[in-house]
Amino acid sequence: MRSLNDKKAFSEPRISVIIAFYKRIDFLDLILDYLNVQSNMHFELIIAEDCNDKETVEYIGKKQSALSYPILHVFQDDIGFRKNRILNAALRIATTDKLVFLDGDCIPHKEFVDQYIKNLAFGIAGFGRRVMLGQEFTSALLKSKYKFKLSLKSILFSDSKKIEESIYLPLTIRKRADSSGIWGCNWGIMKDDLLRVNGFDEDYVHACVGEDLDVEHRLKLNGIRFKSLKNRAIVYHLYHKENYSKDAFEINKALFMEKCKANNCYCRNGIDKLNTELLSIK
């Protein structure tokens, strides 16, 4: 682990925002800027990097002085897709009782952190949805940053998709959870509830299914209820080419079906056997 904070005082964190990150520092820069204008700044950020890139360390070291929240950085060698392993590493160092997961290609709405702080409780996890920003809009956003705000108005006539997900409805009350399940890029849970199922299953070594459907299935087996935060916890997914193949998806899907048949809420290859080579730098 690297702690890349200076001596500035931060607000006492009430939730840990964990970003699964790989390579795209231009995306990360946008995300960190938008986290810096959250309506609720009582959080710590953990960058969970499925790589060991010196450029990331240098970037965070320079960026930290401009941010109003502390950053921790966990990393591992880049020897294939091991997202679940690095998420378990981040889970281990989180200092708060509440966790929210964000991917390194998703920008949070300004109320994102506040909604998760308000809605997570023991036995209750939460999840939101994502707006799919188009290629042209993403390119313009990367070039201009704050020249326009991310909102329904700014993306309405763009090449983006799932625009309806950008409508912020803070007082929405939903009696039933969204039936389509969680996305790994936008969900939160109490830390102890996730530890009770042994965190993320590291048997999944390909993208998709393993970091969301599997953990959701095991949490439900353990009695966790999922609360929809659709139109409240919003993220904006930056456009990029898909980084997983159909073959990889089928491998993960088959593994998931096997695990569903076993019906175990506690995965064997999870956080309790984590063997890291992480460094600690004060």
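What follows draws every value from the coordinates through simple rules; no lab data is involved. Worth saying up front: this structure is predicted, and the values here are computed from it rather than measured. Because the Cβ atoms are built from the backbone with ideal geometry, glycine has one as well, and the counts that use them run over all protein chains shown.
Data for the structure
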item: Backbone N under 18 Å from the residue 195 label point (7 Å along Cα→Cβ), restricted to segment 94-111; result: 94-101
item: Estimated FRET transfer efficiency (residue 261, residue 135; beta-carbon r; R0 45 Å; 0.05); result: 0.65
item: Expected 222 nm ellipticity per residue - DSSP helices of 4 or more, -39500 (n - 2.57), all of the chain, to 500; result: -8500 deg cm²/dmol
item: Segment 79-112 residues near the modelled residue 273 label - backbone nitrogen below 19 Å, point 7 Å along Cα→Cβ; result: 81-92
item: Options 157, 88, 207, ranked by Cα towards positive dipole end of the chain, top entry (Cβ charges); result: 157
item: Restricting segment 238-272 to trypsin sites (Lys or Arg not before Pro) in coil, as DSSP defines it, with at most 14 other Cβ within 10 Å; result: 241, 268
item: Gaussian network model of the chain, Cα within-10 Å springs - most flexible of 47, 251, 15; result: 251
item: Choice from 247, 29, 97 showing the highest fluctuation, given a GNM over the chain with Cα pairs closer than 10 Å; result: 247
item: Potential extension, residue 221-residue 57 segment - 0.36 nm per residue separation minus Cα distance; result: 55.2 nm
item: Where GluC sites (Glu not before Pro) in DSSP loops with at most 11 other Cβ within 10 Å are excluded, longest remaining stretch of the chain; result: 1-241
item: Inter-site label distance for residue 143 and residue 33 at 7 Å from Cα along Cβ, in nm; result: 1.4 nm
item: Which of 206, 42, 240 has the fewest Cβ neighbours within 10 Å, and the rest in rising order; result: 240, 42, 206
item: Among (i) 65, 43, 34; (ii) 46, 41, 39; (iii) 51, 46, 38, the entry derived from the coordinates for Cα extents along the principal axes in Å; result: (iii)
item: Dipole magnitude (debye, nearest 20) for the chain, charges at Cβ of Lys, Arg, Asp, Glu; result: 920 debye
item: Inter-site label distance for residue 97 and residue 249 at 7 Å from Cα along Cβ, in nm; result: 4.0 nm
